[in-house]
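Down below is the structure, laid out as structure tokens.
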Amino acid sequence: MHARRFRQPSTALGHSERFKPETLVMSVVRDTDAALLDLRSERYFTLNEVGTRIWVLLSEGTECAVIAELLAEEYCAPFHVIAADTRAIVAALLRARLVKPMDGGGPPTGRTSDDLRGPCVGGAWATTRP
């Protein structure tokens with residue numbers, strides 16, 4: 001008989017993936033910064049300008065690829081750099097259990113890569129504080 005191994009959730013992100021805030025995570029966005037409070041752990045996190053932009057777009061149901069595309073255009077940054085950074089910040093939000101994957105059922109509610117004509121980008125510019 002083989003023992004079952006439990007694996008950590010994968011943090012490898014696909015471009016078409018969408019995430020949403022966990023139910024027990026409260027957020028306040030003010031100007032270009034955000035504060036997130038995880039009511040389960042009673043920990044708070046702060047996001048800088050780019051992290052806040054990613055948070056807002058994730059909250060709207062926007063695909064990771066579209067977030068990267070928008071950030072590359074907004075910041076005139078190389079797509080490959082922004083895409084890697086976006087994946088890194090979303091992975092950090094996943095590890096901190098601040099976001100979760102959106103269910104696959106039903107039509108998408110946010111922007112998708114079909115809405116844009118161009119490359120995708122990502123960024124990891126958020127900071128977290130316990």
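The values are calculated or read from the model by the stated rules, or taken from the named source; none is laboratory data. Bear in mind the structure is a predicted one, so any value in this text is a computation, not a measurement. So basically every Cβ, Gly included, is an ideal-geometry build from the backbone, and we count neighbours across all protein chains shown.
For Arg111, are the conditions met, namely being charged (D, E, K, R), out of contact with any Cys (no Cβ under 7 Å at 6 or more places or on another chain), at pLDDT below 95 and more than 22 Å from Met26 (Cα to Cα)?
yes
Filter the stretch 42-61 down to the residues that are in contact (Cβ under 8 Å) with a residue 40 or more places away in the chain and in a loop (DSSP other than H, G, I, E, B), then identify the one that is nearest to Glu74 (Cα to Cα).
The qualifying residue nearest to Glu74 (Cα to Cα) is Asn48.
Taking the condition of being at negative phi and exposed (fewer than 15 other Cβ atoms within 10 Å of the Cβ), how many residues in the stretch 55-100 meet it? Steps first, answer last, please.
Initial filter on the stretch 55-100 (at negative phi): 55-60, 62-75, 77-96, 98-100.
Remaining after also requiring exposed (fewer than 15 other Cβ atoms within 10 Å of the Cβ): 60, 74, 78, 80, 95.
Total meeting the criteria: 5.
Looking at the stretch 16-41 only, could you name the residues that are within 22 Å of Phe79 (Cα to Cα) and out of contact with any Asp or Glu (no Cβ under 9 Å at 6 or more places or on another chain)?
Phe19
Can you tell me how many residues within the stretch 19-54 are closer than 16 Å to Val90 by Cβ, in contact with a helix residue (DSSP H, G or I) (Cβ under 8 Å, 6 or more places away or on another chain) and either charged (D, E, K, R) or surrounded by 21 or more Cβ atoms within 10 Å (Cβ to Cβ) (or both)?
9
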